[in-house]
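The values are calculated or read from the model by the stated rules, or taken from the named source; none is laboratory data. This one's a predicted model, so the numbers in the text were calculated from it and none came from an experiment. Glycine also receives a Cβ, built like all others from the backbone with ideal geometry; neighbour counts cover every protein chain displayed. In case anyone asks, the SASA skips ligands and DNA or RNA and just uses the protein heavy atoms, side chains included. Shrake-Rupley method; radii C 1.70, N 1.55, O 1.52, S 1.80 Å.
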Amino acid sequence: MRSRLLQRNLREDPPLALSGEGIFIRDSNGKTVIDGSGGAAVACLGHRHPRVLAAMREQMDKLCYAHTALYSCESAERLADMVLEGEPGGLTHLYLCSSGSEGTEAALKMARQYHLERGETQRSRIISRRQSYHGNTLGALAASGNAMRRAPYMPVLAEAFSHVSPCYAYRDRRDDESEADYVARLAAELEAEFQRLGPQNVAAFIAEPVVGATLGCVTALPGYFKAVREICDRHGALLILDEVMCGMGRTGTMHAWEQEGVTPDIQVIAKGLGGGYQPIGGILIAGRVEEALRNGSGAFMHGHTYQAHPVASAAALAVQQVIREENLLKNVGRMGTLLGERLTERLGNHRHVGDIRGRGLFWAVEFVTDRATKATFDPKLQLHERVKMEAYGRGLACYPMGGTIDGRHGNHVLLSPPYAVTAAQVDTIVARFGDAVEAALAGLPRL
Ligand SMILES: Cc1ncc(COP(=O)(O)O)c(C=O)c1O
């Protein structure tokens, strides 16, 4: 009988994920698969980590829910203290919600309210980037530049949002342009967008420090985020960095912005915060932003029933404790370098691999029909999905995406294993992935 659960694919039911252990997932096909992407770069501690499970049980034995209109809770308080220890980058407060999309919504509203509190009521415009992803709720989708996900909903997306180019050097830097020239061109484009909107009308610029699923682990060139920060500061707009996917250690530092030499005014976090043990996301807020609200109306005009949920917070607190106590970011750095090297050895010369890129344990491979022209495969072939299925057949879960360039053309696949991945597991992941890529390409019609 067909599933009554509305699946992502309404024509085909997926297998049931039955149990997990460390980097492995066992499913109803009888397969045990290496979770090479932690879902969508979520399971940073792998599955069934005993300390996280114990922390959740302990919290559940005490209390599962209390409304935040009357109460705070211990686990959320401790989580805020831990995440904000030392006030990284001047970030002083944490607002907790239940997903990345909710985090983006909170960030956008916080930015708007910050300006209202300061009497700049005209600041309502948000500048974002093309081929970005900030979430699927309508506000977050309006901010997102992911053309494929936006397309059906265009008529109902708010018009307060506009989009500039991402920093996507592999395709967009011209041959006659130095890296610095390209960064300067992007900065000029952003400046021009501020001028078009009227700089006094812009509330915030939002971007992913490392673009996750939509472009496939694209890092910015040196100096790009510094230029962006300078433009925002000069025009009094806030800088929102969306680290839902690339943050909380995924790229080798706790925050991806640490490697860009800038700090955000508001930062969105989610996936690696709770590692998938519970649905949780949030925003980190700079002191001056929180102060504007505290000294102004005294309340954030926003809220969700499940914000700062006790069990979700307890799970995230345990995840964050393990990351710190086991010094896992060191392993992310070392194994990330190894993963990049192994991918390059295995696929770097492949005629259909255009680019292998990433940072920390966050890597993607982009496919082309021709390395010189960087031409893409026919979207109908769904090459990324074929790679996913070939990988699954070989015992590897990875995260595929199509429409890399414009929401329609281009294919890439992400690998983002847990932070404690071993060198031997990296080798196995790359061996299975390399075989899957070759099999998927060999299986294409008329190649
Ligand atoms: C950068 C980024 N922002 C926001 C989101 C939305 O998060 P969620 O799916 O938890 O709502 C995602 C999800 O993939 C993401 O990668």
Practice problem: Show the residues, 5+ positions off or on another chain, whose built amide H is closer than 5 Å to the amide H of residue 164. | Solution: 128, 129, 130
Exercise. Step through the residues of region 218-232 one at a time and calculate ³J(HN,Hα) from phi using the Karplus curve (6.51 cos²θ - 1.76 cosθ + 1.60, θ = phi - 60°), rounding each to whole Hz and writing x for Gly and Pro.
Key: 8, 8, 7, 6, x, x, 4, 5, 5, 5, 4, 4, 5, 5, 4
Quiz item: What figure in square angstrom, to the nearest 10, would you give for the accessible area of residue 32 with a 1.4 Å probe?
Solution: 80
Quiz item: With each pseudo-label sitting 7 Å past Cα toward Cβ, what's the residue 302-residue 427 distance in nm, one decimal?
Solution: 4.7
Exercise. Might you report the magnitude of the Cβ-based charge dipole of region 1-124 about its Cα centre, with Lys and Arg at +1 and Asp and Glu at -1, to the nearest 20 debye?
Key: 540
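Just by accessible area at a 1.4 angstrom probe, what is the order of 191, 179 from largest to smallest?
179, 191
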Quiz item: What list of ³J(HN,Hα) couplings, whole Hz, do you get for region 396-404 from phi and the Karplus terms 6.51, -1.76, 1.60, once you set θ to phi - 60° and write x for glycine and proline?
Solution: 9, 9, 9, 10, x, 8, x, x, 3
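Give, as a single signed number, the net charge of other residues whose beta carbon lies under 11 Å from the beta carbon of residue 50, with Lys and Arg counted +1 and Asp and Glu -1.
Surrounding charge for residue 50 is +2.
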Quiz item: Ignoring any ligand, DNA or RNA, what whole percent of the accessible area of the chain comes from carbon and sulfur when the probe is 1.4 angstrom?
Solution: 52
Quiz prompt | Surface per residue (accessible, 1.4 Å probe) for region 7-148, Å² | solution = 50
Quiz item: Based on the Cβ-Cβ distance from residue 18 to residue 64, what FRET efficiency comes out when R0 is 22 Å, to the nearest 0.05?
Solution: 0.35
Quiz prompt | Surface accessible to a 1.4 Å probe, residue 114 within the full protein complex, Å² | solution = 10
Quiz item: Tell me, what is the percent relative contact order of region 279-417, built from C-alpha pairs under 8 Å that lie six or more residues apart?
Solution: 16
Quiz item: Which value, in Å² rounded to 10, gives the accessible area of residue 148 with a 1.4 Å probe and all protein chains present?
Solution: 90
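How many Å³ per residue does the convex hull of the Cα positions in region 114-203 occupy?
Working: hull volume 10.4 nm³, N = 90.
Per residue, the Cα convex hull of region 114-203 comes to 116 Å³.
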Practice problem: May I ask what percent, to the nearest 5, of DSSP beta bridges between residues of the chain are antiparallel? | Solution: 70
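What does the C-alpha gyration tensor say about the overall shape of the chain? Classify as rounded when a/c is under 1.5, otherwise prolate if a/b is larger than b/c, or oblate.
Verdict is oblate for the chain.
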Quiz prompt | Accessible heavy-atom area order of 178, 132, highest first, probe of 1.4 Å | solution = 178, 132
Quiz item: Rounded to the nearest 0.05, what FRET efficiency do residue 192 and residue 151 have when you use their Cβ-Cβ distance and R0 = 25 Å?
Solution: 0.45
Quiz item: Picking from 228, 413, 211, which is most flexible by a Gaussian network model of the chain using Cα springs under 10 Å?
Solution: 228
Self-check item: Förster radius 25 Å - calculated FRET efficiency between residue 288 and residue 234 (Cβ-Cβ, nearest 0.05)
Solution: 0.95
Quiz item: Say each of residue 351 and residue 6 gets a label point 7 Å from the Cα, pointing the same way as Cα to Cβ; how far apart are those two points in nm?
Solution: 4.5
